[in-house]
Amino acid sequence: MRILKTAGRLLMLVWLVGYYSRPALAQYDPSFVNYWAMESFYNPASTGHAPMLDFKGAYSMQMTGFENAPSVMYASAELPLFFISARHGAGVGFMNDQIGLFRHQKFFLQYAYHQPLWGGRLSGGVHLAMLSETFDGSKLDLGESGDPAFPSNEANGAAFDLNFGVRYARKSWYAGFSMMHCTSPTVTLGEEKVNEMKIAPSYYLTGGYNIKLKSPLYTIHTAAMLRSDAIGFRADLTGRIAYHGSKHELYGGVSYSPTNSVSFLFGGDFHGVNLGYAYEMYTAGIGALNGSHEIVIGYKTELNLFKKGKNKHKSVRLL
């Protein structure tokens, strides 16, 4: 037991040193299976692209079965605004990403401008965020090391962050590009200021296409997202088939990330509330039963503020 305990301490030391010294990979931002439903989080140019008030929440439990496994909680609200003969979008949100002894939090505001162009709509957006990083050193067992590089209590730090993006949508397809962490923020942890995290910029390409079938009751929705920080790379490809009923909608599909995972997802729109579930099964040898469970919930209603005419509230279909 003593040998195992010592080995565990050494592994934790190696992991912590690597965490503090490495350039942050694209995986610093959480990977959601339902990324297509949270487009504005990855590309602020999508904010308010639909004429609806949109509330959205998600919770992901990753690598289930492992001690101190990651978990992510996300919540946002966005709406379109109409004034001075133009269309705008505004949003606010929060994210809490717990990874072992680390907690990454983000509070953000978003703005987008939408301009008709070539029969479609060109959008540009910015995402202003405050990052909060916490390391709980009180749960770290390093024996009698006394190394000041490893805090013995909770260490906190914060930094300003900036993202921007562009997006073009026309009829049944859209494509977008965004850059996250444009300022390459550095977060210094603790009062001693001996530990810091530098977050490298990440680049995202997103897109989607809706395929109409002969029956108007069914539609195939495809989506893709490519992300990189010039060091790491990840791709996600998703296909869903949706059934459009008179009172509700249902969908089911598959998502594939080469060298990472295969995911199965399903959900629907019930009385104006969007509910969805996804299971991500890793393909890197972790085990089929140690995947990630993800739940999404949302509500959308038409609400055209600052536009001529009365505001209309109406349940809308799932995207």
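Numbers below:
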item	result
Cα-projected label distance for I241 with Y218, points at 7 Å along beta-carbon direction, nm	0.4 nm
Extension gain, S132 back to S228 (0.36 nm per residue minus Cα-Cα distance, nm)	32.3 nm
Ordering of 67-75, 159-167 by burial proxy (mean other Cβ atoms within 10 Å per residue, highest first)	159-167, 67-75
Cα-derived Rg to Rh of the stretch 177-238, Kirkwood definition	1.30
3J(HN,Hα) from dihedral phi, the stretch 247-252, Karplus parametrisation 6.51/-1.76/1.60, rounded to Hz, x for glycine, proline	10, 7, 10, 10, 8, x
FRET efficiency for N96 and T64, using Cβ-Cβ distance with R0 set to 22 Å, rounded to 0.05	0.75
Unsatisfied cross-links (Cα-Cα over 19 Å) in the set K214/K247; K212/K300; K247/K300; K56/K247; K171/K247	K214/K247; K212/K300; K56/K247; K171/K247
Stretchable slack from M281 to W173, in nm (0.36 nm times residue separation minus alpha-carbon distance)	36.1 nm
Residues of the stretch 252-298: accessible area per residue with a 1.4 Å probe, Å²	47 Å²
For M63, distant residues with modelled amide H under 5 Å away	S292
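The values are calculated or read from the model by the stated rules, or taken from the named source; none is laboratory data. Keep in mind that this is a model prediction, so the values were computed, not measured. Because the Cβ atoms are built from the backbone with ideal geometry, glycine has one as well, and the counts that use them run over all protein chains shown. Accessible surface areas use protein heavy atoms only, side chains included; no ligands, DNA or RNA. Shrake-Rupley method; radii C 1.70, N 1.55, O 1.52, S 1.80 Å.
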